[in-house]
Structure formats: C-alpha cells, structure tokens
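The values are calculated or read from the model by the stated rules, or taken from the named source; none is laboratory data. Keep in mind that this is a model prediction, so the values were computed, not measured. Cβ sites come from the backbone with ideal geometry, for glycine too, and all protein chains shown count toward neighbours.
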Amino acid sequence: MEQSLTKYPFGIKNVSFGDNVLTLTMGTQQAAKSLSSLPMMMQGAGNITFMMSSPANNVIKVVIRNHKRNKAESTFIKTRDSGNGIINETDDYISFKSGMLEARITKTPVPQITYYYGDTVLTSHAQVPGGLYIKESLDRRKNQYAAGVILTAKAGENYMGFGGGVSAVANGRKIITDPSLVSPGKTSIPFYVSSANYGIFVNSIGNVTFNAANDGNVMAFENDGPVMEFELFAGSTTSEIINSFTGFMGRPGHVASSSVCTALAMQDDFTITSDDIITSLRNIKDAGLNVAELWIGRSYLPAGAAAGFDWDPVRFADPVGFLRTVHDWGIRVGATLTPYIPEESELFDECFDLGHFVKDAKGNVEIIDTQEGSVAVIDMTNIAARNWFSGKVSDFIDAGIDMIEGAFDFSLLSDMCLGSKNDGFETLFVSEFNGAIRDASSRAKGKEVSFMIADIVSTGDIATAYRNIAPIPSELCFGGMASAAANALSYGLTGFTLCNIDVPYVSDTNLYSRWMETALLAPHSRIFCNLKGMPQNMPAEIFERIKLFSDMRASLAPYIYSAVMEASMYGSPVLRTMSYEFPTDALAGFARDQFMVGPSLLAAPVTSSSGNVRFYVPAGVWTNLFSRETLTGPRFASRKEELGSFPIFARPNSIITTLTNADGHSSSHSFLDNITFTCFAPADGKVAACEVFDDKGKASGVINVLKEGNKITVKTDGFGRNKRIQLTGIANVVSVSESIPEPESWGTSIEFSGNELVITLG
C-alpha cells in the first residue's frame with residue numbers, strides 16, 4: 001500500500017479480563033504518507049484492540065484488531081481461548097501469565113510489551129511505537145488493510161523453521177508464506193523458533209511476510225487484513241518449544257514399520273503394464289534386493305486421462321489381482337492422487353451435476369486443457385465436494401492401495417479466474433486436500449498401517465504423516481541434494497516431524513549414490529528408478545548400491561522406527577539440527593551441513609562430487625557406526641570419503657538398536673526379537689538407555705546399561721530371548737553372569753537371553 005495510514009498504539013484507554021482473555025483498548029498514534037511521501041503524525045484518531053489469552057500452558061495467544069468488533073477474516077485455524085492465564089497489575093505494568101511464560105505491558109504513553117520465561121527476557125515489541133501496527137489504504141474505496149508486529153532480536157539470535165525453501169537458519173531472509181509462490185517441496189509455513197527459546201506461529205490463511213533480521217536487528221512479520229493472530233510458545237529448549245507447538249497443532253498418526261524399510265518408486269510411465277511390474281519385482285527379489293514398498297505414482301491411470309481414480313483397463317486389466325500378487329510378496333503399494341477429474345471420466349458428469357468443481361467469478365466450471373487431456377478441479381473448499389473426494393479415496397484404499405501421495409500442480413489454480421474466492425483460497429485448498437486424504441487414510445481398513453505423503457503442505461498440515469522433499473529438474477545436482485537435506489531440517493523445526501526424501505534417478509553414478517546416502521537415515525525415503533526391465537536395465541554398480549542401501553536401512557530399522565514413533569507421540573523431529581540436540585554448544589550452530597537422526601546418531605552426508613566432507617562432533621568420544629573409528633570432541637574433522645561411505649557417528653554413552661539378521665528382514669518381522677544393542681563408549685556412573693518399538697508400534701522394549709567401576713549391568717524388559725549386547729571400547733571383560741564374552745577389535749560382544757546381565761571387568 002503505497003498511500004497508507006499506519007496506526008500505532010498510544011495510551012491504554014481500557015483494560016478488562018474475563019474468560020481467560022485480557023483485552024486492552026488503546027488509542028492510536030497515526031503516521032500517514034502524503035503524495036509527496038512525507039510522514040505526518042496525528043494522535044487520538046481511532047483505537048487498536050489488543051487481546052491475550054492462554055490456549056495451553058506456556059503459550060500466549062495474541063490478537064490485534066483494528067477495531068474491537070472486526071471479524072477475524074484472516075484467521076485460519078480455530079484456536080481456543082480457555083486455559084490458565086493469570087492477570088496481575090502493578091503501578092507500572094499489566095501482567096498476563098501462562099505457566100512460566102509472562103507478558104508485561106507497560107502503562108507508559110507508548111505501551112511496551114515484553115515476554116519473559118521465568119526471569120529471562122525472551123523478546124519484546126520493538127521501540128517502534130508499541131512494536132505493533134495496523135495499516136489501511138488512504139483510498140477507502142480499496143478497503144485494504146495489513147497488521148504487523150516487530151520484535152527485538154538479541155545479539156546472536158537465530159531464527160529457524162519457516163518450512164522449506166530456506167536453510168535451517170533464516171537470518172537475513174525475507175520469507176513470504178504463500179504456497180502458490182514456490183515450487184512443491186519448498187512451501188513456507190508461518191512458524192519459526194528462535195534460539196532465544198521462544199516460537200511464533202502466525203495464524204493466517206493469507207500471505208504472511210517475515211523479515212528475519214533482514215532490515216535491522218528485529219524480527220518483523222505482517223499479514224493482510226485488519227486482524228492478526230499469533231501464538232507465542234516458550235520453553236527451556238528448542239525441543240520443548242517444538243513439542244509444545246506440535247501438541248497444540250497436531251502430530252502425525254501411527255505409520256507402518258515398512259515405511260522405514262526400502263521403498264522403490266517409479267516415474268509416471270503410461271506404457272508400463274501390471275505384468276511388467278510383476279516381472280521386474282520378481283527379478284529384483286531374485287537378485288537379492290528386499291523391497292518393502294512400491295510407489296507406482298500415476299502410472300495406473302489411462303494415458304489420455306492421467307487423473308481421477310480409474311485404472312487403465314488395458315495395462316491393468318485386473319487391479320485387484322495385481323495388488324494381491326504384490327501383497328503376497330510382502331510389498332505394500334502406494335499411488336498418487338490429484339484433485340482433478342478428466343472430462344472423459346464418468347465421474348466428471350457426477351461432479352459437474354453436484355457442483356463439486358471450482359468455478360470462475362461468473363459461476364462457470366473451469367475446464368483446463370493440459371498435456372494429458374482436459375480436466376476440472378474439485379473444489380476442496382466446498383465441504384460437500386471435499387467429503388465426496390475423501391469418500392472416493394477411502395474406496396481406493398479399501399480396494400488394495402496401502403499408501404497415498406497427494407499431489408497437484410499449483411499453476412492450474414493460478415491460471416483460473418478466482419475473483420469470487422476470498423484471499424487465501426490456495427492455502428485453504430491445500431489444507432483441505434491433504435486433510436481429505438488424511439481422513440480417508442484414518443478410516444481405511446488396517447488404518448494403523450495406512451499413511452500419506454504430501455507434496456504440498458499448508459499452515460495446518462503438520463499432522464500429515466510424511467512431508468515430501470523432492471527436487472525439481474533444475475536441482476538434479478549436488479547442490480539440489482544439499483538443499484533437500486536443508487529443507488528436511490527446516491521442516492523439522494516447523495513442526496513437520498516426519499519427512500520423506502526422494503532419491504531421483506540420475507545417470508551420474510556418483511550423484512545417485514550420494515543421494516541415497518543422504519536419504520539413508522530419513523524417516524522415509526523413496527529410491528526412484530526405471531522399473532520396467534529392472535535390474536537388467538541399470539549398471540550393476542548402481543544396483544549393488546541400492547542393495548547396500550537396503551541392507552543398511554533394514555539393519556537400522558528398529559532405531560529409525562523408534563525415532564518415528566517418538567515423533568508421532570511427542571513431536572520430536574526425526575532429523576534434527578545440531579543446535580536442536582546440543583543447545584548449549586555454540587559451535588553446533590555452525591554445523592549446518594549435518595544432522596542428528598533421533599537423539600543418538602550424527603550423520604554428515606557428502607554433498608560434493610569430490611567426496612570431501614567437513615563435520616563437527618560435540619564433546620565426548622564419538623564412534624563410527626560401522627568402522628568403529630573414534631573421534632573425541634569438540635572438534636571439526638575433514639576427510640575424503642569413498643562411495644558407499646560417509647560419516648555416521650554414535651553419541652557417547654548411547655545405545656543403537658539393530659536387527660541381528662537384517663538380510664532376512666521383512667515388514668512383518670518383529671523389532672523386539674533377534675536384536676543387537678550396541679552401547680557406544682559407556683560412561684562410568686551414567687545410565688545409557690533407549691526404548692524400542694515393535695513393528696506394529698503397539699509394544700515396546702526398554703534397555704538400560706550402567707557402568708560402575710569394574711561392573712556393567714544390563715537390564716532389559718519387553719524383548720525376546722535372542723539378544724546381543726555390544727560394548728565399544730570395553731576389552732577387559734573377565735566374567736559374565738550368562739553366556740561367554742566374544743572379544744572384538746573394537747570391544748566385546750555378548751549373547752544373552754535373560755532380562756539382566758552382569759559383566760565384570762578386569
């Protein structure tokens with residue numbers, strides 16, 4: 001708004017508190033820009049309403065309104081006001097508390113608002129009058145508004161999150177959270193977490209613009225409309241804040257253990273037949289590659305109408321029989337669904353008659369001509385149309401499809417004449433589209449093993465099982481691979497605790513192999529390939545790399561799946577920045593090309609064609625998961641890694657669980673039987689512990705290892721009898737209460753069956 005009037009709070013006129021809501025009516029100081037752009041100041045014209053409530057402990061909800069009775073037209077997600085907020089008043093300020101989080105509003109002519117966690121200042125509204133404002137166009141015929149907030153930044157404060165498209169640290173960036181403006185896989189979300197131990201979620205269906213220390217030493221954010229709502233989350237660590245945010249917004253439901261094993265995916269191929277797929281799967285299996293999931297994309301659809309729910313009657317004459325055969329091999333099948341209906345489909349007339357399609361401003365159905373035929377788009381903002389679509393997805397899953405990928409091309413929406421739609425239509429469309437698939441998945445038979453991958457997400461989609469991180473064609477390079485890892489970490493700091501990293505099929509053996517290494521420890525990953533004629537159609541070296549990936553993935557399945565279950569239950573991301581896991585280590589904040597997998601594994605993917613990699617290990621003795629090499633931190637290390645090798649180090653005094661016989665693993669194998677516990681660099685007087693979930697996610701086992709002087713006590717509960725403990729750095733075992741110790745070059749290995757094992761050292 002070039003010609004605009006900006007209202008800042010000036011003086012508190014009225015204070016009220018009821019139903020856990022603190023309401024302040026403040027007069028305004030106004031700054032107007034004349035045609036010559038010279039500022040003019042006025043006082044006493046109009047009001048700004050400022051409201052605080054506490055929807056959850058250590059959470060303060062703030063609503064800023066141009067007038068007290070403005071409708072919250074920009075609000076996206078319905079949040080509750082009830083909670084345990086407490087109001088206090090002194091001669092100098094008004095206080096609103098939620099748990100340990102407190103906001104203090106001074107009674108000065110220009111009210112200043114400061115947020116505390118205990119006695120620690122988190123942030124405050126900047127010394128622009130009040131640190132908040134409402135803008136309105138000087139041309140009242142336009143009825144344009146914007147609301148904004150400016151928060152101070154501490155020295156060295158980092159802002160993290162915002163979804164994809166930025167690195168985990170977003171300082172110096174301008175971020176616009178509009179999914180229609182970015183490529184799929186990089187959608188920005190209006191949530192960030194600060195290294196100052198607070199997080200901000202701006203609740204808006206429209207665009208939100210953030211300036212993260214981009215213009216001065218402040219964080220500024222603004223949304224369209226005369227109302228802004230944001231929630232401030234506080235905690236002692238980033239982990240506490242993310243857990244609080246996901247508890248408030250929702251977490252992904254239970255997903256199948258097969259999701260952490262090997263998944264193959266095919267590009268859309270409208271020439272491949274069901275027989276082609278069966279033959280390739282048989283050949284792959286005979287060649288020694290165990291596959292848990294097969295993603296067929298849209299290849300099941302007719303070539304001339306590549307949308308909807310209809311299988312190609314020629315290439316897939318018997319879909320039920322095809323799915324049954326694949327299921328008999330222990331392989332689950334995923335497919336891609338879009339919100340389009342082809343004009344040639346019988347469903348088109350049904351949706352047209354029911355009024356389920358997106359219409360233009362004149363009420364006419366928008367029919368779009370694509371390379372794959374003419375389609376109309378189901379209007380996901382229409383509740384009847386959304387429910388119709390969700391019902392069709394349920395039927396699709398009940399027919400034998402186990403997993404759904406939700407995808408569509410934003411350009412189809414942007415090309416439409418949506419003048420009759422409110423601002424934020426695209427954001428609502430995305431959220432309702434993903435929600436419709438998520439609802440269908442939860443209703444499906446065997447819902448505990450159904451899940452979805454979302455290509456595009458919106459503000460309220462963090463309960464989606466897997467956020468897809470996929471490259472666009474221009475990113476099929478080492479830089480694109482590094483970007484994929486950065487996006488996954490950024491989404492983890494935005495509440496998307498689970499992600500899928502796609503490995504694109506590229507002819508460059510080096511790049512393809514390194515991309516697989518990057519995706520190896522992701523909560524879910526898919527290896528794309530040309531399935532027709534596989535494995536004969538690819539270089540033997542590449543196929544061996546895929547087999548190596550599969551064996552390593554299967555071996556680590558108990559550890560990765562337990563991290564997935566932790567994400568589902570507690571909201572902790574599986575892939576974590578180093579500063580997330582080591583908040584008091586200043587050097588960890590500079591280690592941005594590596595990540596932690598769960599609490600105990602450090603991974604530093606090779607993101608250069610040369611194989612050179614530099615990474616950081618925090619304090620203590622860190623042990624390479626496979627070679628048993630040790631590094632003592634804190635230190636940075638540099639090296640050149642050969643293909644098939646990259647730095648994976650286990651945290652000191654941690655336990656990593658693996659399958660003892662990983663080669664025979666299938667999706668029905670229990671993660672509580674035939675299991676190996678490797679305790680890395682056990683520390684004297686400190687308990688090492690971990691919880692392991694079975695492959696159904698319904699039962700778990702717990703192991704504790706305690707070293708006290710010359711005695712190590714291992715206690716387990718909930719596991720089968722076939723167990724093995726490996727102790728790295730321990731070579732002086734003289735006796736055990738059960739079994740016989742097996743000396744290794746890196747330590748000692750012991751098989752045992754009881755629930756307690758006592759090891760005596762010399």
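State which residue pairs qualify: first residue farther than 14 Å from M380 by Cβ and inside the range 352-369, second residue exposed (fewer than 13 other Cβ atoms within 10 Å of the Cβ) in any location, beta carbons under 6 Å apart, and separation of 6 or more residues or different chains.
Pairs found: A361/G419; A361/S420.
Which is at pLDDT below 90, over 30 Å from L294 (Cβ atoms) and either in contact with a Lys or Arg (Cβ under 7 Å, 6 or more places away or on another chain) or not assigned by TED's automatic domain parsing to the domain that holds S458 (or both), of G199, G235, G225? Working first, answer last.
Working: G199 fails: at pLDDT below 90; G235 fails: at pLDDT below 90.
Of the residues listed, the single one that is at pLDDT below 90, over 30 Å from L294 (Cβ atoms) and either in contact with a Lys or Arg (Cβ under 7 Å, 6 or more places away or on another chain) or not assigned by TED's automatic domain parsing to the domain that holds S458 (or both) is G225.
Does the range 723-743 include one or more residues that are within 29 Å of the chain's Cα centre (by Cα) and either surrounded by fewer than 21 Cβ atoms within 10 Å (Cβ to Cβ) or without any contact (Cβ under 8 Å) to a residue 12 or more places away in the chain (or both)?
The answer is no, given that none of the residues of the range 723-743 is within 29 Å of the chain's Cα centre (by Cα) and either surrounded by fewer than 21 Cβ atoms within 10 Å (Cβ to Cβ) or without any contact (Cβ under 8 Å) to a residue 12 or more places away in the chain (or both).
Looking at (1) modelled with pLDDT of 90 or more; (2) under 16 Å from F233 (Cα atoms); (3) loosely packed, with under 15 Cβ neighbours inside 10 Å, can you tell me which one R80 breaks?
Every condition holds for R80 apart from (1).
If I ask for residues that are among the β-branched types (V, I, T) and touching a Leu at 6+ places or on another chain (Cβ under 7 Å), which ones from the range 678-709 would you list?
Here is the first cut: in the range 678-709, the residues among the β-branched types (V, I, T) are 678, 687, 692, 702-703, 705.
V687, V692 - these are the residues of the range 678-709 that are among the β-branched types (V, I, T) and touching a Leu at 6+ places or on another chain (Cβ under 7 Å).
With respect to A454, determine if the residue is touching a residue at least 60 places away in the same chain (Cβ under 8 Å), under 16 Å from the mean Cα position of the chain (by Cα) and not assigned by TED's automatic domain parsing to the domain that holds L602.
On the way: touching a residue at least 60 places away in the same chain (Cβ under 8 Å): no; under 16 Å from the mean Cα position of the chain (by Cα): yes; not assigned by TED's automatic domain parsing to the domain that holds L602: yes.
Against the criterion (touching a residue at least 60 places away in the same chain (Cβ under 8 Å), under 16 Å from the mean Cα position of the chain (by Cα) and not assigned by TED's automatic domain parsing to the domain that holds L602), A454 does not qualify.
Considering every residue within the range 436-446, establish whether at least one is closer than 16 Å to G250 by Cα and modelled with pLDDT under 85.
Within the range 436-446, one or more residues are closer than 16 Å to G250 by Cα and modelled with pLDDT under 85.
For every residue, the table says whether it meets (1) assigned by TED's automatic domain parsing to the domain that holds I560; (2) in contact with a Pro (Cβ under 9 Å, 6 or more places away or on another chain); (3) at pLDDT below 95.
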| position | (1), (2), (3) |
| --- | --- |
| K698 | no, no, yes |
| N704 | no, no, no |
| T716 | no, no, no |
| F719 | no, no, yes |
| N722 | no, no, yes |
| G729 | no, yes, yes |
| E738 | no, no, yes |
| S753 | no, no, yes |
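Condition check ((1) in the same structural domain as A689 (by TED's automatic domain parsing); (2) modelled with pLDDT of 95 or more; (3) more than 28 Å from the chain's Cα centre (by Cα); (4) in a strand (DSSP E or B)) across all residues:
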site: F615; (1), (2), (3), (4): no, yes, no, yes
site: W622; (1), (2), (3), (4): no, yes, no, yes
site: T632; (1), (2), (3), (4): no, yes, yes, yes
site: S645; (1), (2), (3), (4): no, no, no, no
site: T658; (1), (2), (3), (4): yes, no, no, yes
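Okay, residues lined up against (1) free of Cβ contacts under 8 Å to residues at least 60 places away in the same chain; (2) basic (K, R); (3) more than 28 Å from D455 (Cα to Cα); (4) crowded, with 23+ Cβ neighbours inside 10 Å:
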site: E157; (1), (2), (3), (4): yes, no, yes, no
site: M160; (1), (2), (3), (4): no, no, no, yes
site: N171; (1), (2), (3), (4): yes, no, no, no
site: K174; (1), (2), (3), (4): yes, yes, no, no
site: N211; (1), (2), (3), (4): yes, no, no, no
site: N214; (1), (2), (3), (4): yes, no, yes, no
site: E229; (1), (2), (3), (4): no, no, no, no
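Limited to the range 458-475, what total is found for residues that are within 12 Å of P252 (Cα to Cα) and buried (at least 23 other Cβ atoms within 10 Å of the Cβ)?
Selection size over the range 458-475: 6.
Among the candidates S670, S609, S627, S638, single out the residue that is touching a helix residue (DSSP H, G or I) at 6+ places or on another chain (Cβ under 8 Å) and either surrounded by fewer than 22 Cβ atoms within 10 Å (Cβ to Cβ) or assigned to a loop (DSSP other than H, G, I, E, B) (or both).
Exactly one of S670, S609, S627, S638 is touching a helix residue (DSSP H, G or I) at 6+ places or on another chain (Cβ under 8 Å) and either surrounded by fewer than 22 Cβ atoms within 10 Å (Cβ to Cβ) or assigned to a loop (DSSP other than H, G, I, E, B) (or both), namely S609.
If we keep just the residues of the range 710-738 that are assigned to a loop (DSSP other than H, G, I, E, B) and touching a Leu at 6+ places or on another chain (Cβ under 8 Å), which is nearest to G620 (Cα to Cα)?
Per the stated criteria, the residue is I730.
Please work out which one of (1) within 24 Å of Y340 (Cβ to Cβ); (2) out of contact with any Phe, Trp or Tyr (no Cβ under 7 Å at 6 or more places or on another chain); (3) free of Cβ contacts under 8 Å to residues at least 40 places away in the same chain is the condition T279 fails and give its number.
(1)
Quick check on my filter: what residues within the range 485-510 are without any contact (Cβ under 8 Å) to a residue 40 or more places away in the chain and closer than 16 Å to V597 by Cα?
Residue satisfying the conditions is I501 alone.
Are there strands (runs of 3 or more DSSP E) fully within the range 289-385 with at least 3 residues that are over 19 Å from I272 (Cα atoms) and not polar (S, T, N, Q)? List them.
In the range 289-385, 340-342, 367-370, 373-377 are the strands (runs of 3 or more DSSP E) which contain 3 or more residues that are over 19 Å from I272 (Cα atoms) and not polar (S, T, N, Q).
Please work out if K71 is among the basic types (K, R), touching a strand residue (DSSP E or B) at 6+ places or on another chain (Cβ under 9 Å), at pLDDT 90 or above and under 30 Å from T246 (Cβ atoms).
No.
Restrict the check to the range 540-553 and report whether at least one residue is within 30 Å of G247 (Cβ to Cβ), of a type in the set (S, T, N, Q), in contact with a Leu (Cβ under 8 Å, 6 or more places away or on another chain) and assigned to a helix (DSSP H, G or I).
No - not one qualifying residue is present in the range 540-553.
Among (1) assigned by TED's automatic domain parsing to the domain that holds Y466; (2) over 30 Å from P252 (Cα atoms), where does R514 come up short?
Of everything listed in (1) assigned by TED's automatic domain parsing to the domain that holds Y466; (2) over 30 Å from P252 (Cα atoms), R514 misses just condition (2).
Test each condition in (1) on the phi < 0 side of the Ramachandran plot; (2) buried (at least 24 other Cβ atoms within 10 Å of the Cβ) for E426 and report the one that comes out false.
Tallying (1) on the phi < 0 side of the Ramachandran plot; (2) buried (at least 24 other Cβ atoms within 10 Å of the Cβ), E426 fails exactly one: (2).
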